[in-house]
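The values are calculated or read from the model by the stated rules, or taken from the named source; none is laboratory data. These numbers were taken from a predicted model, which means no experiment stands behind them. Cβ sites come from the backbone with ideal geometry, for glycine too, and all protein chains shown count toward neighbours. Remember, those area values only see protein heavy atoms, side chains included, never the ligands or the DNA or RNA. Shrake-Rupley method; radii C 1.70, N 1.55, O 1.52, S 1.80 Å.
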Amino acid sequence: MRKAWIVASVAISSALAFVMLLVVGVYLVAGNLVNGVSGGAKSLAKGSVPAAYAALVQKWGNLCPAISPALLAAQLYQESGFNPRAQSHAAAQGIAQFIPGTWASHGIDGDGDGDRDVWDPKDAIPSAASYDCELASYVKKVGGNPTENMLAAYNAGAYAVIKYGGVPPYSETRNYVKRITALSESFAAPVGRVDPSEQAAGAIEYAQKKLGTLYLWGGTGTAEQGGRFDCSGLTQAAYASVGIKLPRVANDQYNAGPHPSRDELLPGDLVFFSDDLTNSRAIRHVGIYVGGGYMIDAPRTGAVIRFDPIDTPDYFGATRVTEDGAKALPTTV
């Protein structure tokens, strides 16, 4: 019995030492990597847009130079969470959240079936892209970044952009421009290495301290819950410990930054799992990558927070959490 206890202790100590080496490595990489690229422009990240809409977003996101598929995807996610039946208290309707007056003047028959239906993504997504490009044409003579000017016109009106010679000094408008610009990086396929998060090591350190804690469905680690977590509750708390506020559920956490490929994973990346590998909205599990093909996760009822392999058939992809990416996420989608 004592021999078994010693063997187990050595195994656990080795695992923790391995994680601490990874934590140190993240700090070194974050401090030394200077040539990373934090986004892409034209191609969508795998599964970031539901498969039913991905081709539409890819096509219409290239309608004019001021927009991109990733930017259009960010707007749709911000507006409705890709819900074609979404309706707001302000009467905004559909996947692109057009109000009736704007739809009447700017909605187009995107699929050529003879009608303009705000509830049909085949009309609403092309209309959103067309409206963006129309706004961009209104402010094309204004100096500065044409995409930022277009987004500002979307939020505050073209007149305000023209009046101020760029993004107007309204906090709401400036925050909107920054939010959509940052969020678009979550929908773009990176064109090179993406920078490591400086907070990643702290998130790993937090998670490793929870190893052995019993899983709780809906758990966020509160005292009333006995400090127990479910999968996304653990990742949310781990990044909260380093000052980054993530959404509560895993499929929204996927949009908190750019998406490194499997061979580019670094400790601290969030790794996601789904039964539908074409749709990030179907993600059902998340963990924190620690290197060597392993993550720390809260797996399921009856299990404890532990190390698990990530290379399983339901592996969906990864997110390198960034402060700007997390801040850009809407509070509800």
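Just name one of Ile162, Pro196, Pro146: the one whose Cα is farthest towards the positive end of the charge dipole of region 144-207 (beta-carbon charges, Lys/Arg +1, Asp/Glu -1).
Ile162
Which listed residue (Gly317, Gly227, Leu211) has the Cα farthest towards the positive end of the charge dipole for region 198-328, taking +1 on Lys and Arg C-beta and -1 on Asp and Glu C-beta about the Cα centre?
Final value for the positive-end residue is Gly227.
Given a 10 angstrom Cα cut-off, can you work out which residue in Val271, Val49, Val177 is the most mobile in a GNM of the chain?
Val177
For the chain, what is the charge dipole size about the Cα centre, in debye to the nearest 20, if Lys and Arg each add +1 at the Cβ and Asp and Glu each add -1 at the Cβ?
820
By how many degrees, 0 to 90 and rounded to 10, does the Cα axis of helix 69-80 deviate from the longest principal axis of the chain?
90
Just the number please: accessible area per residue for region 198-328, 1.4 Å probe, all protein chains included, in Å².
38
What number in nm² do you get for region 198-328 if you take the convex hull of its Cα atoms and divide its surface by four?
Answer in nm², one decimal: 7.2.
For the chain, modelled as a GNM with alpha-carbon contacts under 10 angstrom, which of Gly94, Gly287, Gly257 fluctuates the most?
Sorting by GNM fluctuation, first place goes to Gly94.
Which of these, Ser274, Ser184, Ser68, has the largest mean-square fluctuation under a Gaussian network model of the chain (Cα springs below 10 Å)?
Ser274
Identify, among Phe98, Thr173, Gln75, the residue whose Cα sits farthest towards the positive end of the charge dipole of the chain, taking +1 on the Cβ of Lys and Arg and -1 on the Cβ of Asp and Glu, with the dipole about the Cα centre.
Thr173
So, taking all protein chains as they sit and a 1.4 Å probe, how much accessible area belongs to His106, in Å² rounded to tens?
About 40 Å², rounded to the nearest 10.
Calculate the spin-label point distance for Lys178 paired with Lys140, positioning each point 7 Å from the Cα along the beta-carbon direction, and give it in nanometres.
Calculated label separation equals 3.0 nm.
How would Asp269, Asp195 line up by accessible area, probe 1.4 Å, largest first?
Asp195, Asp269
With the Cα gyration tensor of region 66-114 giving a ≥ b ≥ c as the square roots of its eigenvalues, does the rule (a/c under 1.5 for rounded; else a/b larger than b/c for prolate; else oblate) give rounded, prolate or oblate?
Cα axes put region 66-114 in the oblate bin.
Any chance you could give the angle, 0 to 90 degrees and rounded to 10, that helix 51-60 forms with the longest Cα principal axis of the chain?
Approximately 50 degrees, to the nearest 10.
Please say if region 201-251 is rounded, prolate or oblate, where rounded means a/c under 1.5 for a ≥ b ≥ c the square roots of the C-alpha gyration tensor eigenvalues, and otherwise the choice is prolate for a/b larger than b/c and oblate otherwise?
Since a/c reaches 1.5 but b/c is at least a/b, the shape of region 201-251 is classed as oblate.
Helix-only mean residue ellipticity at 222 nm, the chain, DSSP H runs n ≥ 4 weighted -39,500 (n - 2.57), per residue, nearest 500. What is it? Show your work: numbers first, answer last.
Values: 12 runs with 143 residues, N = 333.
Dividing the helical sum by the residues of the chain leaves -13500 deg cm²/dmol.
I'd like to know how region 121-180 sits against the 2.2 N^0.38 Å rule of thumb: what's its Cα Rg over that expected value?
That works out to 1.08 for region 121-180.
In region 53-187, what percent of the accessible surface is made up of carbon and sulfur (1.4 Å probe, ligands and nucleic acids excluded)?
Ligands and nucleic acids excluded, carbon and sulfur reach 51 percent.
Taking Cα pairs under 8 Å and at least six residues apart, what relative contact order does the chain come out at, in percent?
Numbers: 690 pairs, mean separation 63.8, N = 333.
Over the chain, the number comes to 19 percent.
Pull the list of the chain cysteines that no other Cys approaches to under 4.7 Å, Cβ to Cβ.
Here Cys231 come out as lacking a disulfide-compatible partner, given the Cβ-Cβ threshold of under 4.7 Å.
How far, in nm, would the chain grow between Lys46 and Lys59 when pulled straight, counting 0.36 nm per residue and subtracting the alpha carbon separation?
Contour length minus the Cα-Cα distance gives 3.1 nm.
Around Val290, with a cut-off of 11 angstrom between Cβ atoms, what is the net charge of the other residues, counting Lys and Arg +1 and Asp and Glu -1?
-4
Principal axis lengths of region 53-187 from Cα atoms, whole Å, largest first?
If we take the Cα atoms of region 53-187, the spans are 40, 28, 25 Å.
Which one, [x] 16.6; [y] 14.9; [z] 19.2, gives mean projected area of the Cα convex hull in nm² as derived from the coordinates shown?
Answer by label: [z].
Angle check, please: helix 2-32 long axis (alpha carbons) against the longest principal axis of the chain (alpha carbons), in degrees 0 to 90, nearest 10.
The angle comes out at about 40 degrees.
In the neighborhood of Ile310, defined by Cβ-to-Cβ distances under 15 Å, what is the net charge if each Lys or Arg adds +1 and each Asp or Glu adds -1?
-3
Determine, from the Cβ-Cβ distance of Leu214 and Asp314 and an R0 of 25 Å, the FRET efficiency 1/(1 + (r/R0)^6), rounded to the nearest 0.05.
Calculated value: 0.60.
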